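What follows is one structure encoded as C-alpha cells, with my remarks underneath.
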Ligand SMILES: Cc1cc2nc3c(=O)[nH]c(=O)nc-3n(C[C@H](O)[C@H](O)[C@H](O)COP(=O)(O)OP(=O)(O)OC[C@H]3O[C@@H](n4cnc5c(N)ncnc54)[C@H](O)[C@@H]3O)c2cc1C
C-alpha cells in the first residue's frame with residue numbers, strides 16, 4: 001500500500017461517519033486518507049445494530065450480506081406489564097455491523113479514498129497556530145501526514161475535537177451508559193424489536209431486544225449517567241435476563257457510552273470538522289446514531305471537497321457544514337433533546353398511560369408522531385415543537 005505524505009483531507013475513524021465523509025469528499029474531487037486504529041472497520045461492534053430502512057437507503061444499496069433481520073413490529077412494554085404493538089412493514093433492520101461498516105468503507109475506496117487500518121491518530125500537527133496535518137502510529141512507527149482538512153470521525157471517545165480546541169465535554173446526564181449481551185439459545189420473534197420501560201427495569205432509559213434471528217438477539221440497556229450510581233446498568237440487565245432469558249448463552253458483551261446531548265455547538269474550526277458520535281450527533285431519546293452520523297458526514301464530505309476546490313479552509317467557510325447539519329437534522333435534534341429531558345422525568349404511571357394510549361391505536365395505524373405527542377401531553381410549547389419537527393422532515397425522528 002502506498003501511503004503518501006500529503007492529502008487534501010485526512011479522516012480519522014472508519015465508522016459510518018468516517019467512511020461516508022471520506023466517500024463524499026473523494027467523490028467530489030478531494031484526495032482522501034482515512035485512518036482507522038482497529039485492524040478492521042466495525043470491530044469491535046459496540047451497537048445494538050438497529051436502523052430504519054429510510055435512514056440507510058440513500059447511502060447504500062440494501063444487501064442481505066449485512067442484514068441480520070428485517071423489522072416490521074415494535075413492542076413497547078410498560079412498567080405494569082402491559083404491551084402495545086406497532087406494526088410498520090419493512091421499516092427497519094438489525095444489521096451485521098462488522099460487515100456493514102466494511103461495505104461503507106468499500107464505497108469510499110471505490111470513490112478513491114485510501115483506508116489504512118491499524119493506524120492510530122495521536123495528535124494534530126500544527127505550524128504557526130495552524131493545523132497542517134496528523135501525527136499517527138502505523139505498525140509501530142510514528143508518522144505524519146500533511147493535509148488541508150482533518151475530519152474527526154473518531155466516535156464517542158473522540159479526541160480530535162479537543163485537540164482542535166473544541167469543547168466536547170458532556171454533562172453526566174447526557175451520557176447513557178450501556179451494556180449489551182448478544183444472546184444465543186433463546187426464542188424471539190425475528191421481525192420484532194422490543195422495548196421495556198420503567199424505573200425498576202431501566203431508570204431514565206430502556207431495555208431493548210433487537211433480534212438477529214429467531215434464536216439470537218442483541219439485548220441491552222442504557223441508563224443516563226447520573227442515574228447509574230447506586231445500581232449500574234449491568235446489574236439491571238442481569239436482573240432482566242433472569243426474568244426473561246434465564247437460560248441464554250451470552251456470545252458477546254458490549255460496554256459503551258452514548259452521547260445523548262443536542263450535538264456540539266461548535267462543529268468546525270479552521271482546517272477541522274467533527275462528525276458523528278464525535279460531534280454528539282445522536283438521537284438523544286433513542287440513542288441511535290448510525291443514520292445521523294451518515295447524514296452529517298455526507299454534508300461534511302461535500303463541504304470539505306468544495307473547500308479544497310476553493311482553497312478555503314477557514315472555519316467561516318467550513319460552517320457551511322454546520323448550517324447544513326442544522327437544516328437537515330440539527331434543529332430537530334434540539335427538539336428531541338428537550339423531549340428527552342421531559343422523558344427522563346416521566347413517572348412509571350405516565351409510561352403506563354402512554355402504553356395504554358398506544359394499545360388503543362390499531363397496530364398498523366401507529367405513528368411516532370402520535371407517540372411523542374402523547375408523551376409530551378400537558379406541555380403545549382413542546383407539543384408544538386414536536387409537531388413542527390415532524391412537518392420539517394419525516395425521517396428525522398426515526
Ligand atoms: C450499546 C450501544 C448500542 C447502540 N445501538 C445503536 C442502534 O441500535 N442504532 C444506532 O443507530 N446506533 C446505535 N448506537 C450508536 C452507534 O453505534 C453510533 O452512533 C455510531 O457507531 C456512530 O458512528 P461513528 O462513525 O460516529 O462512530 P464509530 O462507529 O464509533 O466509529 C469511530 C471509529 O473511529 C475509530 N477511532 C477512534 N479513535 C481513533 C484514532 N485516534 N485513530 C484512528 N481511528 C480512531 C474507532 O476505532 C472507530 O472505528 C449504539 C451505541 C452503543 C454503545
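The values are calculated or read from the model by the stated rules, or taken from the named source; none is laboratory data. Bear in mind that the values here come from a model prediction, so they are computed numbers and not experimental data. Every residue, glycine as well, gets a Cβ built from its backbone with ideal geometry; the counts of neighbours run over all protein chains shown.
Only one of the listed residues (133, 165) is at pLDDT 95 or above and part of a loop (DSSP other than H, G, I, E, B). That residue is 165.
So in the stretch 235-278, with the set limited to residues that are surrounded by 16 or more Cβ atoms within 10 Å (Cβ to Cβ) and assigned to a helix (DSSP H, G or I), which one is farthest from the ligand (Cβ to nearest atom)? Looking at the filtered set, the residue picked out is 244. Screening residue 293 with (1) in contact with a strand residue (DSSP E or B) (Cβ under 7 Å, 6 or more places away or on another chain); (2) crowded, with 23+ Cβ neighbours inside 10 Å gives one miss only, at (1). If you go through the stretch 169-185 and pick out every residue that is surrounded by fewer than 20 Cβ atoms within 10 Å (Cβ to Cβ) and modelled with pLDDT of 95 or more, you end up with 2. Of the strands (runs of 3 or more DSSP E) lying entirely inside the stretch 39-105, those carrying at least 2 residues that are touching a strand residue (DSSP E or B) at 6+ places or on another chain (Cβ under 9 Å) and near the ligand (Cβ under 9 Å from one of its atoms) are 50-52, 83-95. Within the stretch 35-48, residues that are over 14 Å from residue 122 (Cα atoms) reach partners that are assigned to a loop (DSSP other than H, G, I, E, B) with beta carbons closer than 8 Å, at six or more positions or on different chains, in the pairs 39/117; 39/118; 40/117; 41/14; 41/15; 41/117; 42/15; 44/38.
If you go through the stretch 175-232 and keep only what is without any contact (Cβ under 8 Å) to a residue 24 or more places away in the chain and away from the ligand (no atom under 15 Å from the Cβ), you end up with 229, 230, 231. Against the criterion of being near the ligand (Cβ under 10 Å from one of its atoms), under 21 Å from residue 268 (Cα atoms), modelled with pLDDT of 95 or more and touching a helix residue (DSSP H, G or I) at 6+ places or on another chain (Cβ under 7 Å), residue 123 qualifies.
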